[in-house]
Amino acid sequence: MTVMEFFALSAGEWMSQRTSHHLAFRRSEGGKSKVQIATLAADDPAVLRICELFKVDPQRSVGAARVQWNGEQEWDNEEYKGDVVLVPIPDQSDPMRGQLLRDQGYAEKVPVAGTYVMGSDGALTLYTEYEMTESEERIWFASPNLRLRASTVKRFGGFSMASFCSEVRKLSANPTPTPEMAQAHSS
């Protein structure tokens, strides 16, 4: 499965339940959110803007995913929202890995270029280094309508947070995406 096939399978609305372990504070917290994922074509203005921001030839882009979320965490009971565009730039010698350009990071809210690897098991792993932190996130499908995510964040060389999410697709009248549908979408 390619990264864009993974994004196509992820398209839709998801209900996410997250448990985060803040290791320095020895506390954990729960959270929930609604997540909306959509694929974008390689010539979408958002993709072109991000390629320009990182000075990457837009011809190397294969498309993108836009991820929007709206949720809450236990500690602050405040609503949090986000909107990020993820632009994969496949490695020319190995299309199962490459750069991942983001207009907003996960651990720090700044534009950032990380890397991705599509595993032979269909899991997508994202690696990102920021000025003060590093993050690693693995995302995989347990079934077509259940995605799982595990992530770690390191600060100053040590782990500061670990989290796990389960995401259940909101079912609609549209058919559930399958790998065959993703393949047809990419052709």
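The values are calculated or read from the model by the stated rules, or taken from the named source; none is laboratory data. What you see is a predicted model, and the numbers here were worked out from it, not measured in a lab. Cβ placement follows ideal geometry from the backbone for every residue including glycine, while neighbour counts extend to all protein chains displayed. For accessibility, only protein heavy atoms count, side chains too; no ligands or nucleic acids. Shrake-Rupley method; radii C 1.70, N 1.55, O 1.52, S 1.80 Å.
The table below gives the values:
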| item | result |
| --- | --- |
| Residue tally, condition touching a helix residue (DSSP H, G or I) at 6+ places or on another chain (Cβ under 8 Å) and either in a helix (DSSP H, G or I) or open to solvent by 40 Å² or more (accessible area, probe 1.4 Å) (or both), over region 31-42 | 2 |
| Given (1) of a type in the set (Gly, Ala, Ser); (2) open to solvent by 70 Å² or more (accessible area, probe 1.4 Å); (3) free of Cβ contacts under 8 Å to residues at least 24 places away in the same chain, number of the condition residue 28 does not satisfy | (2) |
| Contacts under 8 angstrom Cβ, first residue in region 149-171 being farther than 28 Å from residue 12 by Cα, partner among the charged types (D, E, K, R) and buried (at least 16 other Cβ atoms within 10 Å of the Cβ), 6 or more apart | 154/134; 160/154 |
| Hits in region 106-123 (condition: assigned to a strand (DSSP E or B) and farther than 22 Å from residue 53 by Cβ) | 117, 118 |
| Filter result for residue 82 (in a strand (DSSP E or B), free of Cβ contacts under 8 Å to residues at least 40 places away in the same chain and either open to solvent by 10 Å² or more (accessible area, probe 1.4 Å) or within 19 Å of residue 111 (Cα to Cα) (or both)) | yes |
| Output for region 151-160, where each listed residue is open to solvent by 40 Å² or more (accessible area, probe 1.4 Å) and not β-branched (Val, Ile, Thr) | 154, 155, 156, 157, 159 |
| Any chance residue 116 is at pLDDT 90 or above and open to solvent by less than 20 Å² (accessible area, probe 1.4 Å) | yes |
| Any hit, region 43-61, residues being part of a strand (DSSP E or B) and crowded, with 19+ Cβ neighbours inside 10 Å | no |
| Residue within region 24-37 that is under 14 Å from the mean Cα position of the chain (by Cα), at pLDDT 95 or above, under 24 Å from residue 154 (Cα atoms) and not hydroxyl-bearing (Ser, Thr, Tyr) present | no |
| Unique residue being in a strand (DSSP E or B) and at pLDDT below 95 when the list is 77, 70 | 70 |
| Failed item, numbered, when residue 17 is tested on (1) more than 19 Å from residue 169 (Cβ to Cβ); (2) touching a Cys at 6+ places or on another chain (Cβ under 9 Å); (3) at pLDDT 95 or above | (1) |
